[in-house]
Ligand code: ZN
Ligand code: ZN
């Protein structure tokens, strides 16, 4: 199995623009005007322009509405926040670990920004919960991932994918772990996102949903970053069998969508108006297909060709952070498009 080497802290004899994503040569100096991949600097600027912090979002309306939510709504709300907190926590750590193997200073820099954003996502969950529930309940919600069997199975799927790379880093496990990464960032959040968007379109908990939307937007860029690293690596490492890895993508997303559907049935089922479970299931399959396409792989579910939850369409079009939806707060970072907002959903 081909080895993957960690990036050197400094290399006097190597160029600033690296010679490859992995196992390349790089002085490790970061000059945004002299990078190997022309897309890294625009992506960095987009990530900066999307910058947000939880404290900018006023939670007072959500606080007033919280006691009026149904018991099911409160329960799903808390469980999803607990789940997201788990995913973002391990994501911060994984992105730091994979960054060590990127021999391109602009890509390792993007990975640091990504990790910082995951920390902000985690802060937002604490921020929301500390507003709505007491300390004890908040602590319970952060423990939830340990005790729910369906959730554990689903999380273990990611942990195994990451752990294989961490324990035995190679070109092969590097590429495969990226597929699990995109499952985490690009699929396993999505049943939860749908729940929050459904609340928001019913004018409930709009501030929390605003944060969820910002997280969603960040995650879409993260997916773009990881799928590009995957595709560029396959191009650069010419002895790799591209077909094997593309088939692996389709396979993993089939399993992952099944796990996400199991979780959606468990959590959401037919308890909520506006997100019929069969539509939500096909929505998850639709997103899995979309991720496969981003990897350049065949779809996991070729028979699902349309998004059955069309009202979420707007969120899916937040590709690379081009738009912004709620504007609950005055933001100077990103311009708002005229064509978004709940009125248009
Ligand atoms: Zn995140
Ligand atoms: Zn992310």
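Scanning region 1-43 for residues being farther than 25 Å from residue 176 by Cα and not in a loop (DSSP other than H, G, I, E, B) gives a total of 2.
For residue 144, are the conditions met, namely being more than 30 Å from residue 39 (Cβ to Cβ), within 15 Å of ligand 2 (Cβ to nearest atom) and out of contact with any strand residue (DSSP E or B) (no Cβ under 8 Å at 6 or more places or on another chain)? No. When region 55-94 is filtered for residues that are within 30 Å of residue 3 (Cβ to Cβ) and touching a residue at least 40 places away in the same chain (Cβ under 8 Å), the ones remaining, listed by number, are 87, 90, 91, 94. Residues in region 47-56 that are surrounded by fewer than 18 Cβ atoms within 10 Å (Cβ to Cβ) and part of a helix (DSSP H, G or I): 48, 49, 55, 56.
Residues that are over 20 Å from residue 139 (Cβ atoms) and surrounded by fewer than 14 Cβ atoms within 10 Å (Cβ to Cβ) within region 57-92 comprise 58, 60, 64, 67, 68, 70, 71, 72, listed in sequence order. The number of residues in region 263-281 that are over 17 Å from residue 193 (Cβ atoms) and part of a helix (DSSP H, G or I) comes to 1. Residues considered: 260, 219, 237. Of these, the only one that is farther than 11 Å from residue 295 by Cβ, in contact with a helix residue (DSSP H, G or I) (Cβ under 9 Å, 6 or more places away or on another chain) and either free of Cβ contacts under 8 Å to residues at least 12 places away in the same chain or surrounded by fewer than 23 Cβ atoms within 10 Å (Cβ to Cβ) (or both) is 237. Screening region 295-310 for residues that are surrounded by 19 or more Cβ atoms within 10 Å (Cβ to Cβ) and touching a residue at least 60 places away in the same chain (Cβ under 8 Å) and picking the one that is nearest to residue 177 (Cα to Cα) gives 295. Scanning region 222-234 for residues that are crowded, with 22+ Cβ neighbours inside 10 Å and away from ligand 1 (no atom under 14 Å from the Cβ) gives 227, 229, 230.
Select from region 119-129 the residues that are more than 16 Å from ligand 2 (Cβ to nearest atom) and in contact with a helix residue (DSSP H, G or I) (Cβ under 6 Å, 6 or more places away or on another chain) and list them in ascending order.
First, the residues of region 119-129 that are more than 16 Å from ligand 2 (Cβ to nearest atom): 126-129.
Scanning region 119-129 gives 127, 128, 129.
Computed from the coordinates by the stated procedures, all read-outs in this text should not be read as laboratory data. Values in this document were obtained by computation on a predicted structure and should not be read as measured data. Glycine also receives a Cβ, built like all others from the backbone with ideal geometry; neighbour counts cover every protein chain displayed.
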